[in-house]
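Chemist: One structure coming up, written as structure tokens, with questions to follow.
The values are calculated or read from the model by the stated rules, or taken from the named source; none is laboratory data. All of these numbers come straight from a predicted model, not from anything done at the bench. Cβ atoms come from the backbone with ideal geometry, glycine included; neighbour counts cover every protein chain shown.
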């Protein structure tokens, strides 16, 4: 389960991403063919993963939405299990609340909406 081992997943992802420029730079500086091969294979695999994820999101949007709902329900069920999950859910709620407030404020319906009436009468 990704939800249970989120910390380990983030650490592993960070290690892979940090090893990518290391292999590229050191391989180019030292003219090390092994590191250059590792670099090119990592870049190729990341591009293929990106392509596959893009195709899945494009062709299966309803399944992606269902999986995200299941993921959020899983987080709600395990809310009290870990303080990390609590912070994640709280930050998501705060972000959604601030986004909703920006949408509610929005742009005025017309250019004259927030102007005092005497200015609107002069311009009209």
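Chemist: Could you say whether any residue in the stretch 61-83 is exposed (fewer than 10 other Cβ atoms within 10 Å of the Cβ), farther than 27 Å from residue 7 by Cβ and free of Cβ contacts under 8 Å to residues at least 24 places away in the same chain?
Modeler: yes
Chemist: Ok, one more. Among the residues of the stretch 3-17, which ones are surrounded by 11 or more Cβ atoms within 10 Å (Cβ to Cβ), in contact (Cβ under 8 Å) with a residue 24 or more places away in the chain and part of a helix (DSSP H, G or I)?
Modeler: 6, 16
Chemist: Taking the stretch 67-83 only, how many residues are assigned to a helix (DSSP H, G or I) and touching a helix residue (DSSP H, G or I) at 6+ places or on another chain (Cβ under 9 Å)?
Modeler: Residues flagged as assigned to a helix (DSSP H, G or I) and touching a helix residue (DSSP H, G or I) at 6+ places or on another chain (Cβ under 9 Å) within the stretch 67-83 amount to 3.
Chemist: Determine the pairs where a residue that is in the same structural domain as residue 44 (by TED's automatic domain parsing), located within the stretch 18-34, has a partner that is surrounded by 14 or more Cβ atoms within 10 Å (Cβ to Cβ) and assigned to a loop (DSSP other than H, G, I, E, B) with Cβ atoms under 8 Å apart, the partner being 6 or more residues away or on another chain.
Modeler: Pairs found: 26/32.
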